Amino acid sequence: MKNIHLIDVTNRDGVQTSRILLSKLAKTMINIYLDEMGIYQSEIGFPNLKQEINYINANLDLAKKGVIKNLRLEGWCRAVPEDIESAFKNCPQLRHLNISISTSDIMIEGKFQGKKTWKDVLNSMIQALKVARQLGAETIGVNAEDASRTNLDNLIEFALAAKENGGDRFRYCDTLGADDPITIYERIKKIAYATKFDLEMHCHNDLGMAEAVSVAGAQGAVESGVDAYINTTINGYGERAGNCDLVSTILALKYSHGFEDKVHLEDRVDLKKSWKIARYASYAFGLPIPISQVGVGANAFAHESGIHADGALKDRRNYELYDPEDVGRGMPEMLQTGRVITTGEYGGLKGFRHVYENLGIHFRDDRQARKILELVQYANLHTQRPLTDDELKFIAENPQEVAKILTVSARY
Ligand SMILES: [Zn+2]
């Protein structure tokens, strides 16, 4: 049976969304949590965006150092050769890329306005692929933006050209969230049969079906004998009505009746990390998790009405498809209601050492402590939220990488 892998795009599609944002430190923590969760790949950002370069290079350093272990760190680029060249100039250690270009008539006409024809689109993608290979890319996903509104023959031609010129996968982008599960299933099957090429689903939630469409597309791919990759974001954060939610997707693949024995999500994915990553993303983005959010919402395991509560008390299986523990919930949480010492932008050495000692981290001397304190002050200035225990530990353990993450050089 063919595998399904997850590529999380929170750090690219999630953060490019209107009115929501993440600090570079938070993006780094998300990469670390995705790695712990056994996610295949993180789309970490834009190697051609000046303010992302230090963050991307520092994360590539963290991978080299073994802090990020198995997660592939991938950069997003336009499928134009100049962008690929500058991406590798900015981030020489980058090894994984997704390159993107619009393929639908409506976008070719509406965006390029006569400057690019279909042949130009194909050619740009092929040249970009070749440059990426020459410059050392190990894996390249080739994205068809607006694939769901692109005619099928063109998509097949595009995917075949990507395969023949050194691409590793084809990303089918339902950019406007226009597909339904049956349509994508059938289209993906046709593309898979015609190309025998691994396929990525990138689906948006404009019709409230992002997860349904993604898993149906993935099913079409694996049934046709190719590996499938699903693009997700944590808590579904993303453009307009959002993207395909990470936790919902894993739950659907594991617990939906239709998928049992039919699809295989790669084994290393650890659903038990859901609660931690969803809560962190909510905190870092400053967006509450909706009460009815799949798996991680406050009401996901709550019962009140007479018939439901009675049934759930007799046997939880009467009203629950999976257990809170399956998504990493069920532990009581400590809330400090008394005196508390914190550290951050305006902290001093005594309070700082006290906080770290409670985390089990001790410093050789005041000199070393002062250097980490300075980073903590800058990190807090940068996140504008109280630093979490994991963030504080990460800063103390990886000061060089943190210094790089926090550095942006502005010229005027
Ligand atoms: Zn998108």
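The values are calculated or read from the model by the stated rules, or taken from the named source; none is laboratory data. Please read these numbers as outputs of a predicted model, since none were measured by experiment. Glycine also receives a Cβ, built like all others from the backbone with ideal geometry; neighbour counts cover every protein chain displayed. Side chains are part of the model used for accessible areas, which takes the heavy atoms of the whole protein and leaves out ligands, DNA and RNA. Shrake-Rupley method; radii C 1.70, N 1.55, O 1.52, S 1.80 Å.
Within straight-line reach of K163, meaning a Cα separation under 18 Å, sit the following aspartates and glutamates at least 8 residues removed in sequence or on another chain: D120, E138, E145, D153, D198, E200, D227. Extending 7 Å from Cα along the Cβ direction at D120 and again at L49 yields two label points whose distance is 2.6 nm.
Could you tell me which of the pairs K69/K272; K27/K50; K2/K273; K189/K262 are separated by over 20 angstrom between their Cα atoms in the structure shown?
K2/K273
Solvent exposure of the range 49-149, expressed per residue, is 44 Å² of accessible area, with all protein chains present and a 1.4 angstrom probe.
Quote to one decimal, in nm, the extra length available between E82 and Y346 on full extension: 0.36 nm per residue of separation minus the C-alpha distance between them. Please list the in-between numbers first.
Values: separation 264, 0.36 × 264 = 95.04 nm, distance 4.36 nm.
Length gained between E82 and Y346: 90.7 nm.
Compared with the alpha-carbon gap, the fully stretched path from E397 to Q384 is longer by 2.6 nm at 0.36 nm per residue. The apolar share of the surface of the chain, taken as the fraction of accessible area on carbon and sulfur atoms (1.4 Å probe, ligands and nucleic acids excluded), comes to 51 percent. Quick check: from the Cα gyration tensor, does the range 197-256 come out rounded (a/c under 1.5), prolate or oblate? Taking the square roots of the gyration eigenvalues as a ≥ b ≥ c, the range 197-256 is prolate.
Of all DSSP-defined beta bridges confined to the chain, some 5% are antiparallel rather than parallel.
Computed with a 1.4 Å probe over protein heavy atoms only, the accessible area of V355 comes to about 20 Å². Positive-end ranking of T175, G66, C203 along the dipole of the chain, with charges on Cβ about the Cα centre, is headed by G66. Placing +1 on the Cβ of every Lys and Arg and -1 on the Cβ of every Asp and Glu, with no other charges, gives the chain a dipole of roughly 1320 debye about its Cα centre.
Projected onto their three principal axes, the Cα atoms of the chain cover extents of 66, 66, 35 Å, largest first.
Of the chymotrypsin sites (Phe, Trp or Tyr not before Pro) found in the range 332-361, those in coil by DSSP whose Cβ has at most 16 other Cβ atoms within 10 Å are Y346. Of the GluC sites (Glu not before Pro) found in the range 360-412, not one falls in a DSSP loop while having at most 10 other beta-carbon atoms within 10 Å.
Counting other C-beta atoms within 10 Å, and keeping those with at most 15, which DSSP coil GluC sites (Glu not before Pro) do you find in the range 323-364? Intermediate values should be presented prior to the final figure.
On the way: sites: E325, E333, E345, E357; in loops: E333, E345.
Here the sparse-neighbourhood loop sites are E333, E345.
When the Gaussian network model of the chain links Cα atoms closer than 10 Å, the mean-square fluctuations of W275, W118, W76 top out at W118.
Working from label points 7 Å from Cα in the Cα-to-Cβ sense, the D261 to Q134 distance is 5.2 nm. Summarising the label geometry, the points placed 7 Å from Cα in the beta-carbon direction at K196 and S292 lie 4.7 nm from one another.
Give me the number: length gained by fully extending R370 to Q336, i.e. 0.36 nm times residue separation minus the C-alpha to C-alpha distance, one decimal in nm. Walk me through the intermediate numbers first.
Values: separation 34, 0.36 × 34 = 12.24 nm, distance 2.69 nm.
Stretched out fully, the R370 to Q336 stretch lengthens by 9.6 nm.
Within the full protein context, the accessible area of H257 is estimated at about 140 Å² for a probe radius of 1.4 Å.
At a Förster radius of 25 Å, what calculated FRET efficiency corresponds to the Cβ-Cβ distance of S18 and K111, to the nearest 0.05?
Numbers: r = 19 Å, r/R0 = 0.75.
So the FRET efficiency works out to roughly 0.85.
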